[in-house]
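Trainee: I have a structure here, written as structure tokens, and I will follow up with some questions on it.
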Amino acid sequence: MNEGKKKDRERIFSHPGVKKILYGGDYNPEQWPEEIWEEDMRLFKLAGVDCVTLNVFSWAALQPDEDTYCFERLDRIMELVRKNGLYVILATSTAAHPAWMAKKYPEVLRTEFSGIRRKFGSRHNSCPNSPVYRKYSRRLAGKLAERYGGYENVIAWHVGNEYGGECYCENCERAFREWLREKYKTLEELNRAWNTSFWGHTFYDWEEIVVPNMQSEHFEENRTTFQGISLDYRRFCSDSMLRNYRDEKEAIRQVTKDIPVTTNLMGFYKLLDYQKWAGYMDFVSWDNYPANDTPPARIAMNHDLMRGIGGGRPFALMEQTPSVTNWLSYNALKRPGVMRLLSWQAVAHGADTVLFFQMRRSIGACEKYHGALIDHAGHENTRVFREMQALGEELKRLGGGTLGGRTPAKAAILVDWDNWWALEYSAGPSCDLKYLDEVERYYTAFYEQNIPVDFVSVGDDLTGYGLLVAPVLYMVKTGYEQVLYSYVEAGGILVTTFFSGIVNEHDLVVTGGYPGRLRKLLGIWVEEIDALPAGEQNGFVWNGKHYPAELLCDILHLEGAAGETVYESDFYAGSPVLTSNPYGRGTAWYVATRSSREFYHDLVKRLARDAGIEELHTPVPEVEVCERESGEGRFLFFLNHGQEDVELTMEEAGVWLQREKSCEKGEKVLLRAKDVMVYRTGEDR
Ligand code: GLA
Ligand code: ZN
């Protein structure tokens, strides 16, 4: 991963013809009579579409029964788009199995968390451990590779679609036991890791182990009596679906060696450990579906995660809606300009494509009111079409300068899926403690100060980061403490928070005092943890400002760290709430409670200054500023998410690329509401 980080430019598509940000998206001609296809081609050309994702849900059409495959219609579609100069991201269609398969082999159907076996229906409905599903999905992927791998315009394989969900069937139960055997080797080891002496759970035979769901260990979806078992099941489910993806990837690789393989992810999606998945993806791609009231910082955070799991390399924006989704309670339209703004936001954070779901709005089933380039009206005279056409032209005009560009971040936030799972299963002090909330609080503080930040995993090298925030690092996997000690020793500034260093990778408490293995690094001992019910607050004053303390309040002792400030009330008034511990050439900070947006802002500002990290541009409310650096220059992106026009004072000379306008340092420019400025820094060349 870090090998990649050093290169300043790495494109996601190896195809030499790709010289700009690709534009287009999911296209489902199989849902339409062929007479309409030529009209689609005309409209694509008009809109500047140059890339389509084909064949996402065609398994039933491609394989009408167990022994028959028919590709003739897909052949015609492939010929059509080739003739029209379109690139293809070719999907394998395996995210929904055919009805005949479910009837003949009920084992392909998933069993729900409740224990109910599903019938045929919907999609994302296959048991990941079904031998039948594995056999036929692999076979289909291989056949597609054989048939279409030689098409020069196929630039990527799109395996499955939005892998997700879970299964609790007998296939999975059997496979879970095998997975556990592989992991623990002996039952003694498993009994130890799961602490089965609690509530008389000792296992004497692998066959005694059952899946943890509502029929066994759980009493609510996220509440389990045995965290160790449930945690392993999460890992196992993620691995099982990863195995499905890898099955198909291997089948494709046997036939085509050079075409990159991906699958579309979903940002911070809890059920799959994307940090692990990314290791098997030739490039990361993801689907961005914010609601209209999703804060831009949260969207940015998802983009940055997707960049982070890929080791900092660019990613593909595989889907977004041009206008409206169909699955929210209130499917509000993207307001004029917002589709363009969010497209550029993706590029600003590392995307090398701007792709949509979907090209033509279908007429039946649950997505018939989902936004599309071509509306039910069937022509180009719509607001959405005009906006997409304008963006298509703009992307063409701006060319490929940003392709392969990196985000040079010097600050990082640590995210770890195992920690996420374990924390939210923890049966810990507060049901309101949610990992992503805490991550987002820190992230937003960086975002609002125009400080680029990378998301790193516990497997990543931390060299080059002056500041590392590890929010609620509840689980410190054996050995990871060493990474943190070395990081701080070498001069890094580490921030971690309440409820950190509590358990090891099996969710077993590290005894000897919290925060366990981080105790010496942080120079503190946390004796007790108080949970404040919603609405209750403690507080503290730091640098003359008052801030709230809420959710959790760790009550701690200094063991070498400096107390920066103390709680103001309750029986622990006067005990430290914020500490800093010089260690080696760096410092380890501990934030013993959850506080306000203002506190995170002030803390990050202070620590970024200590680490010598500068903001990209003086913050202007509602204007997001990002950076990418490629072989062709350094690009700043100014994104006005607000409702008002703003005047910006340029802090570097450069060129506003959309307007081909050179700007001096100190020059003032007007950035309209929802407008975007892509700004190549340096003198005009
Ligand atoms: C997902 C899927 C698409 C489509 C869109 C609709 O992202 O991948 O097939 O269903 O949602 O928003
Ligand atoms: Zn199953």
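The values are calculated or read from the model by the stated rules, or taken from the named source; none is laboratory data. No experiment lies behind these values; they were computed from the predicted model shown. When we count neighbours, we look across all protein chains shown, and the Cβ atoms used for this are built from the backbone with ideal geometry, even at glycine. Surface accessibility is based on the protein's heavy atoms, side chains included, excluding ligands, DNA and RNA. Shrake-Rupley method; radii C 1.70, N 1.55, O 1.52, S 1.80 Å.
Trainee: Keeping to the stretch 316-354, report how many residues are open to solvent by less than 10 Å² (accessible area, probe 1.4 Å) and at pLDDT below 95.
Mentor: 0
Trainee: Of the residues 185, 249, 257, which is in the same structural domain as residue 137 (by TED's automatic domain parsing), of a type in the set (Lys, Arg) and at pLDDT 95 or above?
Mentor: Exactly one residue qualifies, and that residue is 249.
Trainee: When you scan the stretch 395-490 for helices (runs of 4 or more DSSP H) that lie fully inside it, which ones turn up with 1 or more residues that are on the phi > 0 side of the Ramachandran plot and touching a strand residue (DSSP E or B) at 6+ places or on another chain (Cβ under 9 Å)?
Mentor: Numbers: elements: 417-425, 435-448, 480-489.
Those helices (runs of 4 or more DSSP H) do not exist here; none qualify.
Every residue, every condition in (1) without any contact (Cβ under 8 Å) to a residue 40 or more places away in the chain; (2) within 14 Å of ligand 2 (Cβ to nearest atom); (3) among the hydroxyl-bearing types (Ser, Thr, Tyr), yes or no:
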position	(1), (2), (3)
110	no, yes, no
120	yes, no, no
134	no, yes, no
166	no, yes, no
177	yes, yes, no
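Trainee: Now, a different point. What residue, of 75, 50, 67, is buried (at least 21 other Cβ atoms within 10 Å of the Cβ) and either of a type in the set (Ser, Thr, Tyr) or in the same structural domain as residue 156 (by TED's automatic domain parsing) (or both)?
Mentor: None of the others qualify; the one that does is 50.
Trainee: Being modelled with pLDDT of 95 or more, within 16 Å of ligand 1 (Cβ to nearest atom), among the β-branched types (Val, Ile, Thr) and in the same structural domain as residue 105 (by TED's automatic domain parsing) narrows it down to one residue among 159, 154; which is it? Outline the logic, then answer.
Mentor: Working: 154 fails: within 16 Å of ligand 1 (Cβ to nearest atom).
The conditions single out 159.
Trainee: With within 22 Å of residue 251 (Cβ to Cβ), more than 16 Å from ligand 2 (Cβ to nearest atom) and open to solvent by 70 Å² or more (accessible area, probe 1.4 Å) as the only criterion, which of 192, 181, 138 stands out?
Mentor: Answer to the check: 138.
Trainee: Could you identify the single residue in 627, 615 that is at pLDDT 95 or above, open to solvent by 60 Å² or more (accessible area, probe 1.4 Å) and not in a helix (DSSP H, G or I)?
Mentor: 615
Trainee: Would you mind finding the one in 212, 128 that is open to solvent by less than 10 Å² (accessible area, probe 1.4 Å), in contact with a Cys (Cβ under 7 Å, 6 or more places away or on another chain) and part of a loop (DSSP other than H, G, I, E, B)?
Mentor: Working: 212 fails: in contact with a Cys (Cβ under 7 Å, 6 or more places away or on another chain).
Just a single option satisfies the conditions, and that option is 128.
Trainee: In addition: Only one of (1) modelled with pLDDT of 95 or more; (2) charged (D, E, K, R); (3) farther than 16 Å from residue 375 by Cα; (4) surrounded by 16 or more Cβ atoms within 10 Å (Cβ to Cβ) fails for residue 10. Which number is that?
Mentor: That leaves (1) as the condition not met.
Trainee: Just checking, how many residues over the stretch 427-459 are more than 20 Å from residue 602 (Cα to Cα), within 16 Å of the chain's Cα centre (by Cα) and not aliphatic (A, V, I, L, M)?
Mentor: 3
Trainee: Counting just the residues of the stretch 362-387 that are under 22 Å from residue 32 (Cα atoms) and in a helix (DSSP H, G or I), which one comes out most open to solvent (accessible area, probe 1.4 Å)? Show your work before the answer.
Mentor: Initial filter on the stretch 362-387 (under 22 Å from residue 32 (Cα atoms)): 362-382, 384-385.
Going one step further and asking which of them are in a helix (DSSP H, G or I), we end up with 384-385.
Details: 384: 28, 385: 1 Å².
Top of the filtered list is 384.
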